[in-house]
Amino acid sequence: MTAAESYFLRDEGALRGWNMGGLAQDFYNQGISASFVENGLQTSAAATYAANNLLVPTAFTDNSGQSGNNIAAPSTVTIAWSATDPFETSLERIVTQKWIAMFPDGPEGWAEFRRTGYPKIFPVVNNNSNGTINTTTQVRRISFPQSEYNNNKAGVQSGISALGGPDNGGTKLWWDKKN
């Protein structure tokens, strides 16, 4: 776990009203600063970045000329902290910055996306799951491998029973209930 991640975790806790030993806005800005340091960026730029209340995610424009593939921006959240924003906007802001800070740790970013639904990302364009995986919420878990079916059939059946759904990438785990 990085220092930036720990600040964003405390930030989320403070947002939820837990005693984290400080204010959500302070943890948020400390998380951004720590991320800049960890990624070798100029620390003086962190404050400017954190104060940006204009920059928002942009739409995807297909440069092949097929305008039917263009996708609107999935979010309008800004970078700058706003104490007047509702809970979900603040949570989106925190987790989006945490997701950026954790790059390139893909499994950790995927866990945050599944846990919170943030950051808001583009939907899958070509979903080849035959309807087992939702195009918007995307893959929720990894299916049991064939070796488990071969060597631990009872364990797999017990696990599938506990899932409350089929053994595929679209079935949510017990902690993944927000989306």
### Query
Under the condition of being more than 24 Å from the chain's Cα centre (by Cα) and outside any loop (DSSP other than H, G, I, E, B), which residue from the range 46-80 is surrounded by the fewest Cβ atoms within 10 Å (Cβ to Cβ)?
G68
### Task
Could you tell me which numbered condition N127 fails, if it satisfies all but one of (1) touching a residue at least 12 places away in the same chain (Cβ under 8 Å); (2) in a loop (DSSP other than H, G, I, E, B); (3) out of contact with any Leu (no Cβ under 9 Å at 6 or more places or on another chain); (4) more than 22 Å from T96 (Cβ to Cβ)?
(1)
### Message
Let me spell it out: the conditions are (1) out of contact with any strand residue (DSSP E or B) (no Cβ under 9 Å at 6 or more places or on another chain); (2) closer than 27 Å to P123 by Cα, and Q30 meets all of them except one. Which number is the exception?
### Response
(2)
### Summary
Sole miss for V37 among (1) hydrophobic (A, V, I, L, M, F, W, C); (2) under 29 Å from D176 (Cβ atoms); (3) in a helix (DSSP H, G or I); (4) over 15 Å from the mean Cα position of the chain (by Cα) is condition (2)
### Query
Within the range 74-95, can one find any residue that is of a type in the set (D, E, K, R) and touching a residue at least 24 places away in the same chain (Cβ under 8 Å)?
yes
### Task
Out of the residues in the range 144-165 that are modelled with pLDDT of 95 or more and in a loop (DSSP other than H, G, I, E, B), state the one that is surrounded by the most Cβ atoms within 10 Å (Cβ to Cβ).
F144
### Task
Restricting attention to the range 84-135, report how many residues are small (G, A, S) and modelled with pLDDT of 95 or more.
2
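The values are calculated or read from the model by the stated rules, or taken from the named source; none is laboratory data. Just so you know, these numbers come straight off a predicted model, no measurement behind them. All Cβ positions, even for glycine, are placed from backbone atoms using ideal geometry, and neighbour counts span all protein chains on display.
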